[in-house]
Amino acid sequence: MEIHQLHRGRLIDHIQLVVQDLKASRDFYTAILAVLEIPVVDTADGYFWADELVVSSAESPAALGVLTGRHHLAFQAKDRATVDAFHNAALTHGGRDNGAPGERAYHPGYYAAFVLDPDGNNIEAVFHGEAKRSAPSVVVDF
């Protein structure tokens, strides 16, 4: 039996994006999530997943043939260099610039980059500045 490991402990259990071109999305998300050190699990069932994110084709049984609308997803980055690398990987793998890496006025130290994925979703990587976590995440083995 294969064992999977999830990291949980925040607000969202999972998010599903239903996309037009699964291969283009797989290439895009595999590249940006590798920069963020989040592994992608590929399946033969018309979808792939990475922790809380599930991306499927419209033909996938879970999608019911309907594309999702436009969403904004923000991924946590461990530092500014990771935000920069995320932006570069996204542009190299089918993403479009929607805000180059830099400080934002949301709060002091908010450093982020924004890209549009192949389906036009606004995808962000953000570093909030130096902070101490009580734990990296809650680990769930199943």
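The table for this structure:
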{"item": "Hz values of 3J(HN,Hα) by residue in the stretch 92-100 - Karplus curve (6.51, -1.76, 1.60), Gly and Pro given as x", "result": "6, 10, x, x, 10, 4, 9, x, 4"}
{"item": "Potential lengthening between Asp97 and Val138 on full extension [0.36 nm per residue; Cα-Cα distance subtracted]", "result": "11.5 nm"}
{"item": "Taking the convex hull of Cα positions in the chain, its mean projected area over all directions (nm²)", "result": "9.0 nm²"}
{"item": "Contour excess over end-to-end distance, with Cα ends at His71 and Asp27 and 0.36 nm allotted per residue", "result": "14.0 nm"}
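Just so you know, all these numbers are worked out from the coordinates, no wet-lab data involved. Remember, it's a predicted structure, so these values are computed and weren't measured experimentally.
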